[in-house]
Each structure stands twice: as C-alpha cells, then as structure tokens.
Amino acid sequence: MKLRVNGAEIELPAEADMPLLWALRDLAGLCGTKFGCGTGLCGACMVLVDEAPVRSCLTPVGDVAGKSVTTIEALELSELGRRIQAAWLAEDVVQCGYCQSGQIVSCYGLLATNAQPDEAAIDAAMSGNLCRCGTYQRIRKAVKRAAGHE
C-alpha cells in the first residue's frame, strides 16, 4: 500500500483493513503516535489526515490512500507546530506525556482551521483527548498561548 506520510511517499506491506495506527507504528517505525484504548475514546492515537485530526486506531489504512497523513513527528517542521511545542513547554503541560502527541495533534488541527478559537471551540476540539494525569488546565492555557491569547 502506498501512502503519503509526513510529506513523503512510502510503501507499506499493509492490508487495507489494517488500522492506520499499526501501519504507522509497526511498519513505518513512527512511534510518536500512541496506542491508548484501541476504541477511539482516548485520543492518544490522533494523527492528521488532510489536516483534520482522526483517530488512527479506528481508521483503516485503506481509507487514507491518496490522502496526506501527518504524525506528531512532522509537526515541528511547520511554524504552527513549533508555536504549539513552545506553548506546551512554557505552560509545563507534560507530566507522564503519554497523551501529549494526541493532544498536540488535536491542538494543531484546531489552530490550523481556527487561529483564534474561543473557549467553546477549544473545549470542543480538545474534548476527544483524555489525560490521565489531569493537566487539562495547563493544556487549555497552552492552546490559548499557541493561539496568541496569552
């Protein structure tokens, strides 16, 4: 199967029904995207498909053929990705860090489509991501900082 991942065309020995998460982690060696619950509830597996956040644990790799897949590994290549990264560091968001790739991808998806989100937009965009450490207030502050609100 041929895919466009992080700007590069790659070919993976994947069946069309294989979850994108496993194609990325096991076949492409991109381990920044995490396996959390496997049922699409936690958001740890979030990636961008054509700039929209999707849960890679539920997305068959065949569904992304011909589309652009972006993982956490490539976000630092853009100005927005670097701004989000800087905001996460400034707000000291990370505790255990397990959910953070999904959190950051969701934030990127939000700010790529809504550069000045209000509280409701932030809540809606980030609601699909669970943080077992409970750093939600710092995550919200980091999203606001990346958007230029703080």
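All of the numbers you see were taken from the coordinates with simple rules; none came from a lab. Nothing here was measured: the structure is a model prediction, and the numbers come from that model. Note that each Cβ is placed from the backbone with ideal geometry, even for glycine, and that neighbours are counted across all protein chains shown.
Annotations for the structure displayed:
- For segment 5-52 versus segment 73-150, the gap between their alpha-carbon centres in whole angstrom: 20
- When you restrict to C-alpha pairs under 8 Å that are six or more residues apart and normalise by the size of the chain, the relative contact order lands at 24 percent.
- Where GluC sites (Glu not before Pro) fall in DSSP loop in segment 58-98, at most 15 other Cβ within 10 Å: E76
- The chain - charge dipole about Cα centre, Lys and Arg +1 at Cβ, Asp and Glu -1, debye rounded to 20: 360
- Check: segment 14-85 dipole with +1 on Lys, Arg Cβ and -1 on Asp, Glu Cβ, in debye: 240
- Modelled FRET efficiency - R0 35 Å, L89 with E11, Cβ distances, 0.05 increments: 0.50
- Candidates L130, L20, L77, ranked by Gaussian network fluctuation over the chain, Cα under 10 Å, top entry: L77
- Since only A124, I84, Q95 are under comparison, the one whose Cα sits farthest along the positive direction of the charge dipole of segment 75-147, derived from C-beta charges on Lys, Arg, Asp and Glu, is Q95.
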